[in-house]
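Colleague: Structure in structure tokens, see below.
The values are calculated or read from the model by the stated rules, or taken from the named source; none is laboratory data. Values in this document were obtained by computation on a predicted structure and should not be read as measured data. Cβ placement follows ideal geometry from the backbone for every residue including glycine, while neighbour counts extend to all protein chains displayed. What goes into the accessible areas is simple: the full protein's heavy atoms, side chains included, and nothing from ligands, DNA or RNA. Shrake-Rupley method; radii C 1.70, N 1.55, O 1.52, S 1.80 Å.
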Amino acid sequence: MTVQCCKCKRLRALDQWSAPLPALLQGDVSHTYCPDCADHTYIELFSAQASKSTEREALFLRDQIALFA
Ligand SMILES: [Zn+2]
């Protein structure tokens, strides 16, 4: 199965994130966040509610979520 970052569209192959080459987009495509976009997205998400959580909490939660990604 092909794994694609839903934000930057890069593709994961052999644990490496590479440019979105159409030739690699075959069969089923599963969407997730690459590590870079995951960082940005979680920080954006949690800083949007900064009064409720700190960046440290956001990073902790991100690490917890990454365990299940
Ligand atoms: Zn990405």
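Colleague: For the Cα atoms of the chain, what angle does the longest principal axis make with the long axis of helix 55-66, in degrees from 0 to 90, nearest 10?
Modeller: Helix 55-66 and the main axis of the chain meet at about 40 degrees.
Colleague: Next question, about the same structure. For the chain, find the longest principal axis of its Cα atoms and tell me its angle to the long axis of helix 35-47, 0 to 90°, nearest 10.
Modeller: Computed tilt is about 30 degrees.
Colleague: Tell me the per residue accessible area of the chain using a 1.4 Å probe; a whole number in Å² is fine. Intermediate values should be presented prior to the final figure.
Modeller: Details: 5210 Å² over 69 residues.
That works out to 76 Å² per residue.
Colleague: Pull up the DSSP beta bridges for the chain and report the antiparallel fraction as a percent, rounded to 5.
Modeller: On the way: 5 of 9 bridges.
Beta bridges within the chain, antiparallel portion: roughly 55 percent.
Colleague: Show Leu61, Leu14 ordered by accessible area, largest first, where the area counts protein heavy atoms only and the probe is 1.4 Å.
Modeller: Leu14, Leu61
Colleague: Could you pull out the longest piece of the chain with no exposed loop trypsin sites (Lys or Arg not before Pro) in it, calling a site exposed if DSSP puts it outside H, G, I, E, B and it has at most 15 other Cβ atoms within 10 Å?
Modeller: Numbers: sites that count: Lys7, Lys9, Lys52.
Value returned for the longest uninterrupted segment is 10-51.
Colleague: Heavy atoms only, probe 1.4 Å: what % of the accessible area of the chain goes to carbon and sulfur, would you let me know? Don't skip to the answer; put the middle values down first.
Modeller: Numbers: 2990 of 5210 Å².
Roughly 57 percent of what the probe reaches on the chain is carbon or sulfur.
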